[in-house]
1. Among all residue pairs at least 6 apart or on different chains, which show Cβ distances below 9 Å where the first residue, located in region 30-41, is under 16 Å from residue 89 (Cα atoms) and free of Cβ contacts under 8 Å to residues at least 40 places away in the same chain and the second is of a type in the set (A, V, I, L, M) and outside any helix (DSSP H, G or I)?
2. Looking at region 17-28, can you tell me whether even one residue there is without any contact (Cβ under 8 Å) to a residue 60 or more places away in the chain, hydrophobic (A, V, I, L, M, F, W, C), buried (at least 18 other Cβ atoms within 10 Å of the Cβ) and more than 24 Å from residue 2 (Cβ to Cβ)?
3. Please go through region 44-69 and give me each residue that is out of contact with any His (no Cβ under 9 Å at 6 or more places or on another chain) and more than 19 Å from residue 30 (Cα to Cα), ordered by number.
4. Checking the structure you have, find out if any residue of region 51-69 is more than 21 Å from residue 20 (Cβ to Cβ), surrounded by 14 or more Cβ atoms within 10 Å (Cβ to Cβ) and among the aromatic types (Phe, Trp, Tyr).
5. For region 64-92, name all the residues that are among the polar types (S, T, N, Q) and touching a Lys or Arg at 6+ places or on another chain (Cβ under 8 Å).
6. Among the residues of region 15-73, how many are part of a loop (DSSP other than H, G, I, E, B), among the aliphatic types (A, V, I, L, M) and closer than 16 Å to residue 97 by Cα?
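The numbers here are math on the coordinates, done by the rules we state, and not lab data. Just so it is clear, the model here is predicted, and its values are computed rather than measured. Neighbour counts run over all protein chains shown; Cβ positions are idealised from the backbone, glycine included.
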Amino acid sequence: MKLMEFLNSLKDESPPQGISPELEALWLEGSGNWESAHEAVKENESPNIIWIHAYLHRKQRDINNAKFHYSLAKKSYPDISSEEEFIQIAEFLLQEKGYCISDDF
């Protein structure tokens with residue numbers, strides 16, 4: 001899956017089949033369903049899920065909770081926009097799962 005395919009899928013009614021739980025949580029938020037995204041991440045303790053959890057709280061402007069989760073994920077509080085961070089997380093997750101993220105690869 002390429003990054004643009006993932007981003008274009010955000011307007012679909014459901015996430016692409018076969019994506020990881022991390023990408024699904026990110027997809028839920030990106031498609032406008034913050035609550036479902038938060039439900040998907042709040043009981044999972046993997047570093048990537050914790051990173052997404054931090055992003056979700058940052059997006060909600062719950063800065064203290066976001067900073068707490070960034071520290072758990074061993075990430076610094078980002079100095080980029082939340083939109084840029086969404087792309088950064090998506091790219092990271094796609095690459096980690098072995099997907100080709102762009103036509104340049």
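1. From residues that are under 16 Å from residue 89 (Cα atoms) and free of Cβ contacts under 8 Å to residues at least 40 places away in the same chain, the pairs are 31/10.
2. No, region 17-28 has no match at all.
3. 45, 46, 47
4. yes
5. Matches in region 64-92: 82 only.
6. Let us first name the residues in region 15-73 that are part of a loop (DSSP other than H, G, I, E, B), namely 15-20, 31-33, 42-46, 60-62, 73.
Those left that are additionally among the aliphatic types (A, V, I, L, M): 19, 73.
Subset that is closer than 16 Å to residue 97 by Cα: 19.
Number of matching residues: 1.
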